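Below is one structure; the comments refer to it alone.
The values are calculated or read from the model by the stated rules, or taken from the named source; none is laboratory data. The structure displayed is predicted, hence computed values, not measured ones. All Cβ positions, even for glycine, are placed from backbone atoms using ideal geometry, and neighbour counts span all protein chains on display. We work out accessible area using only protein heavy atoms, side chains counted, and drop any ligands, DNA or RNA first. Shrake-Rupley method; radii C 1.70, N 1.55, O 1.52, S 1.80 Å.
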Amino acid sequence: MSSRPAAGGGRWVDVEPARVARWIDGFAARHGPPQTTPTPYGLLLTAPDGASAELHHPPGTPPAGDLPGFLDLVSTARRLGLLLARKGAVAVGVADGATLVTSKVDTRYVQGRTAAGGWSQQRFARRRDNQAKAAMADAVDLALRLLLPAVGSLDAVVAGGDRRAIDTILADRRLAPLAALRADRLLDVPEPRHAVLVDAIAAARAVRVLVRDPDPPAA
C-alpha cells in the first residue's frame, strides 16, 4: 500500500483489491462507521468525525451501487492491456488478474536535449526528432502485434509513463479499438523494462482512495 499527497488537500492511497475490506474496517475504527454514497468514480465514505474517503474503482471495473457490490467487483480478476512508454522505451503486455500472460519490451536510443546553439543545435534537434519518431513507430508496431489481437478480451487498456508519448501512440488510427478502451488512470512509471511492466500490474489493479482527514477543532 502506497500513499502520496493529493493536489487540493488530502492524500492518495493505493490499496490492493484483496485488502480493501480490511482498509475500510480500519477507516471505520479510526473515524467511526461511515455513510456510503455511490458516485460516478466508485464510492464515497463519510465518517461521523468529518473524515472522508473516495474509493475509485480500478480500470475495467463497472460501477457498484453499494459497498458489498464494490468489494465483489474489485476482487474479480480483470484482463488488462498495458502500454508503458517513456522516451525511447516501450513495454506492452496483457495481464489476466495479477498475472502477466504476454509481454514485449523494446528500447530505441533517443538523444537527450542539448544546450548548444546555432546550426549544430538544429541538426541535433532533427536527429533527435527522427529518433523519437522511430521509437513511436516501434511502439505502435508492438501494440498492433500484442494488444490489438487481444482487444476483444480486454476490460481496459491502462497506460503509463509519458502522457504525450502515449497519446501519440494511440493516435494511430489502426489502434482506435485500443484507444476506446483506454482508462483515465495514467501510471507513474520509470523507463519501461520487463520488471517495471510486472510492477505496473499492481498499480493498474489497485483501488485508489482519496483520504481527507477531519478539520482540526477551532481554537
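Observations, loosely collected:
- Dimensions of region 1-55 along the principal axes, based on C-alpha atoms and rounded to the nearest Å, stand at 28, 24, 24, largest first.
- Put a dot 7 Å past the Cα of ALA176, heading toward its Cβ, do the same for THR99, and the two dots end up 3.5 nm apart.
- At full extension, LEU148 and ARG212 could sit 19.1 nm farther apart than now, given 0.36 nm per residue minus the alpha carbon distance.
- Per residue accessible area of the chain, 1.4 Å probe, in Å²: 52 Å²
- Residue-averaged [θ]222 nm for the chain, counting only DSSP H segments that reach four residues, each worth -39500 (n - 2.57): -9500 deg cm²/dmol
- Here the chain exposes an accessible surface that is 52 percent carbon and sulfur, computed with a 1.4 Å probe and the other protein chains kept in place.
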